[in-house]
Amino acid sequence: MPDFDREIPAFVIKLFRQLRRYGITLGIYDYAELRAALCQGFGLESREALFEVCCLLWAKSLQDKQRIRDVFDTTLAELPDWRLPQHSADDNSEGEPHEADDAIRRTGHPLPSTAKDDERGDTRIVTRPVSRELPPIEFDDCGIRKEKFILEPVFPVSHREILHMWRNLRQPVRDGLSIEPDISATINKICRTGVVSEVVLLPRRNNIVKLLMLIDRRGSMSPFHRFVDDLCSVISTAGRFENISTYYFQNTPVEGADRTVLSKAPNTPYPDFGPLLKEIVPCNEGYLYIKSDFSELIPTSKALAQCDDKTAVVIISEAGAARNSYNLYRILDTLAFLKALRQHTHRCVWLNPLPEEYWRYYEGYDFLTRKNNTATQISRFVPMFSLEKNGIQRAVETLRRHYWVNESVII
Amino acid sequence: MITRLQFDRTAPYLLGSNLPETKEVEDTSYIDCLRSNSTDDSQDEIKKVIIEREPYIPSQKLVDAVNLAKVLGRPLLLQGEPGCGKTRLAYSVAFFLGLPLEKCYIKSTTRAQDLLYVYDAVKRLYDAQLAKSGDIRDIDPQKYIELGPLGRAIKRAQAGRRSVVLIDEIDKADLDFPNDLLQELDCFEFTINETGEHYKVPEKKPELRPIVIITHNEEKALPTAFLRRCIYYYLEFPEDTQTIQEILYAHGIGNEMLSTKAINTLQRLRLLGLDKKPGLSELIDWVGYLDVQRYPADSVNGLPFKEVLIKQRPDLQKVERDWKV
């Protein structure tokens, strides 16, 4: 067990608690580590040195380091006056020299001169020339917090959860170099021939699922950019897919679906697309963007041509639910695209960043509460889930074909 | 959970100055002295090898990180751009401390156990077949065990000698690889299942714990349980010209005029927003070649032999478009 009975400097506890609050996962052992490092003479020279030691021990990425920097700036303006407790001199053996001296010997740095010493030394009277500028405004009396705010993104799903869920999406197939021994085939071979010969090898199992992510960008999707980027980066760094491609679009992935079909629609304010579905002509015209800033183009047809039946397609878009309007052309374009997509793969899910009540179509509700917007219509023809933990889980299940959404049938 | 009360108080790793050109350390390729099961190897069994000084100039922060890892007995996890000297640090530490360096170069097929030992079951199976006919008598499982780099380091520590262990590019391995190594890196002990042999770094002797340096290229995320046990350090590309100059000098490039121009060119190149920025190793290669060719320093601006620096076609196109002499 680490020794907890030693004198613990209060500022370290404060720092530790703040870091925990801001999402750095630290336990009591991590705390003991820092204590041990301080006792061994690390991080004592200055506030900056203490910061470096905290980063070495506790930061596990550059983002962590930045977070520790923020917390340092707000909670620990200067290294408090703290000396090693006298009785902590010894760790493994008795009779060693004093630990602080030891630290000096080891690192070549003396212990920090404390803030108090500096103040005592600085007793000169300073005269300042009178300035013509206005005096600086003091905020002390205004009740404004001096500390900076540390703003941390808090997303509905943690990285770990995303990772876990997407790892389930796999279709292992033996592929590539033969490196795994096939025990039963080897035994069979030896039994058959009666001679010990070479071991039969098999290729390893690899995940052959390809992932195609189509992401709606800008407009009503703007509030979700950071979350969607975060989600995509986690999936692409952690998911073990054969291939991941990500493309961006605005509102619909295709444009210019054949609109003559709309003339057959019943003349009502919100025509039902169910009966029209057969008539809609698949459409893969238009462009997708390779970069999220819409800087590079790829024809939608070309992106679709990369898909085969091993490709899982994930569309992330609010599908018009945010504005709660009924846009005939958007529905038509989207359905025409989905039909074109079906010619390549049947594995497709739609993740909607808005909660279900914005777009889910409930049969039997009274007219006023029943949603009927663009997204509601689209959600009838494609498995649509909300972009939160449960929704993502069900989406992955759907892509694995373990979960089937009845109403989402597209012909 | 391991007790972390015991600190290694041996001499620290320092900014190298006045180091000898060569040192004599234990030969890691000669493993006979580690074969026997006894723990008290006599010194004359150990074969020595001469290693040359590693031209390496660490920053003070990096030195502190190495020492912290050494004192606390934790692995040092290094991240940073490719070619900024992550791997070479292990060589430098090993040379400075005069310790043998055990190298584990990770491949996509490496399993965690391979670092400790490999049991050649197939060979034993063959021998067992031959033993029936009487050609081979001894099929003792011990014969078929080959210790891996980390296994050798632990066994060497058990015999009273320390080593530096380099685990290079850990992210190349399978996702579960780091988790499989947790216990071994924490306690430095392992058991060979086939023979029941157990190896362990003596608990009361932190000065024998192998110094583990792990490099990571950020291709895959490492599990948090693994990260928690590491000291994390991000190797930045040195910003000031002076440091880079010193590094070039340490690599035998004495032409100051040329190296200054080359460094300026490289720094400008790194600002172009290339996908793969040229790093230190590229710079050393490039300037080394220019130096050997006696290339005039004034024309370095024109990016001669840029193939050494730029490794991607889009980057090359960008440089050709945007580079101004």
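Numbers at a glance
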read-out: Accessible area (Å², 1.4 Å probe, nearest 10) - B:LYS306; value: 50
read-out: Relative contact order, percent, chain B [alpha-carbon distance under 8 Å, six or more residues apart]; value: 20
read-out: Contact order relative to length of the stretch B:116-209, as percent, for alpha carbon pairs under 8 angstrom and 6 or more apart; value: 29
read-out: Exercise: per-residue mean of other protein chain Cβ atoms within 10 Å, A:168-180; value: 0
read-out: Global geometry of chain B, whether rounded, prolate or oblate, following the gyration tensor of its Cα atoms and the 1.5 cut on a/c; value: prolate
read-out: Built amide H within the under 5 Å cut-off of A:LEU201, gap 5+; value: A:ASP182
read-out: Distance in nm between pseudo-label sites at B:ASP138 and A:TYR29 (7 Å out along the Cβ direction from Cα); value: 4.2
read-out: Inter-label distance, nm, simple model (7 Å from Cα along the C-beta direction), A:ILE190/A:LYS389; value: 5.0
read-out: Anchor B:LYS132: lysines whose Cα lies under 25 Å away (excluding residues fewer than 8 positions away in-chain); value: A:LYS189, B:LYS123, B:LYS143
read-out: B:ALA297 versus B:GLU52: modelled label distance in nm, points set 7 Å from Cα along the beta carbon direction; value: 2.6
read-out: Accessible surface of A:SER245 - all protein chains present, 1.4 Å probe, nearest 10 Å²; value: 20
read-out: Neighbour-limited loop hits for trypsin sites (Lys or Arg not before Pro), the stretch B:119-150 (at most 15 other Cβ within 10 Å; DSSP other than H, G, I, E, B); value: B:ARG137
read-out: Too-long pairs where the Cα-Cα distance tops 29 Å, listed order kept, from A:LYS389/B:LYS277; B:LYS155/B:LYS220; B:LYS48/B:LYS70; B:LYS48/B:LYS277; A:LYS310/B:LYS311; value: A:LYS389/B:LYS277; B:LYS155/B:LYS220; B:LYS48/B:LYS277; A:LYS310/B:LYS311
read-out: Carbon and sulfur %, accessible surface of chain B computed with the full protein complex present, 1.4 Å; value: 49
read-out: Among B:157-166, B:263-272, the order from most to least packed when residues are scored by Cβ within 10 Å on average; value: B:157-166, B:263-272
read-out: A:TRP166 accessible area, assembled protein chains, probe 1.4 Å, Å²; value: 10
read-out: Inter-chain shielding of B:226-235 (mean C-beta neighbours from other protein chains, 10 Å cut-off); value: 5
read-out: Pairwise centroid distance, computed over Cα atoms, of the stretch B:179-201 with the stretch B:77-134, Å; value: 15
read-out: Shielding score for B:93-102, defined as the mean number of other chain Cβ atoms within 10 Å; value: 0
read-out: Taking the stretch A:284-359 and dividing mean pair separation by its residue count, relative contact order in percent (alpha carbons under 8 Å, at least six apart); value: 36
read-out: Links that overshoot a 22 Å alpha carbon limit, given the list A:LYS291/B:LYS172; B:LYS276/B:LYS318; A:LYS60/B:LYS172; value: A:LYS291/B:LYS172
read-out: Interface area, B with A, accessible, probe 1.4 Å, both sides summed, Å² nearest 100; value: 3300
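The values are calculated or read from the model by the stated rules, or taken from the named source; none is laboratory data. These figures come from a predicted structure and were not determined experimentally. No Cβ is skipped: glycine too gets one built from the backbone with ideal geometry, and neighbour counts run over all protein chains shown. Side chains included, ligands, DNA and RNA excluded: accessible areas come from the protein's heavy atoms. Shrake-Rupley method; radii C 1.70, N 1.55, O 1.52, S 1.80 Å.
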